[in-house]
Amino acid sequence: MLETSLWSFLDSELGCSVYPVHLPQSPDYPTVTYSQVSGPRGYTHDGPDGLVTARYQISCWSPSYSDAKSTANDVMDAVSGYSGNMEGTHVGLITVDNESDAYENESGVFFIAIDIMIHYRENSEEEEE
């Protein structure tokens, strides 16, 4: 499952906590969240081909803009151009598609949102067995 593979990969590559979808109530900053935005599957005339291009948003959070930006740069260094076996998922390529800076007034926290495209083969764990 790509979500588990991505979490394990980010957790091992970054020096901060990584959470799916949303921040916990009192996180240690800087921290990272990720969520899937889209995941269209590939098809041929014979049906599904097993290839997926998933868009994920990875957000880097911190009360300090420079810490949020530095964490975002660490994320982009880790994922941009990655290909290989990501914790059991065969990833053909990860590309960085977009980056935007924002500030959340209610919590007083900066976040840098990074959109990545992950080109991978679905069910690659099952095929290897």
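The values are calculated or read from the model by the stated rules, or taken from the named source; none is laboratory data. Keep in mind that what you see is a predicted model, and the values were worked out from it rather than measured. With ideal geometry, Cβ positions are generated from the backbone for all residues, glycine too; neighbour counts draw on all protein chains shown.
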* To do: Please note which strands (runs of 3 or more DSSP E) are completely contained in the range 1-70 and include at least 1 residues that are farther than 19 Å from H90 by Cβ.
  => 17-20, 31-38, 47-62
* To do: Would you check which residues across the range 71-86 are on the phi > 0 side of the Ramachandran plot and assigned to a strand (DSSP E or B) and list them?
  => G84
* **Of all residues in the range 87-129 being outside any strand (DSSP E or B), small (G, A, S) and surrounded by fewer than 16 Cβ atoms within 10 Å (Cβ to Cβ), the one that is modelled with the lowest pLDDT** => G88
* Could you please find all residues in the range 46-62 being among the polar types (S, T, N, Q) and either at pLDDT below 85 or surrounded by fewer than 20 Cβ atoms within 10 Å (Cβ to Cβ) (or both)? => T53, Q57
* Show the residue pairs that are 6+ apart or on different chains and have beta-carbon atoms under 7 Å apart, the first residue being within the range 8-37 and closer than 12 Å to S59 by Cα, the second being assigned to a loop (DSSP other than H, G, I, E, B) and among the aliphatic types (A, V, I, L, M). => T31/L23; V32/L14; T33/V21; T33/L23; S35/V21
* To do: Find the residue count for the range 66-90, including only residues that are out of contact with any helix residue (DSSP H, G or I) (no Cβ under 6 Å at 6 or more places or on another chain) and either under 17 Å from P27 (Cβ atoms) or among the β-branched types (V, I, T) (or both).
  => 8
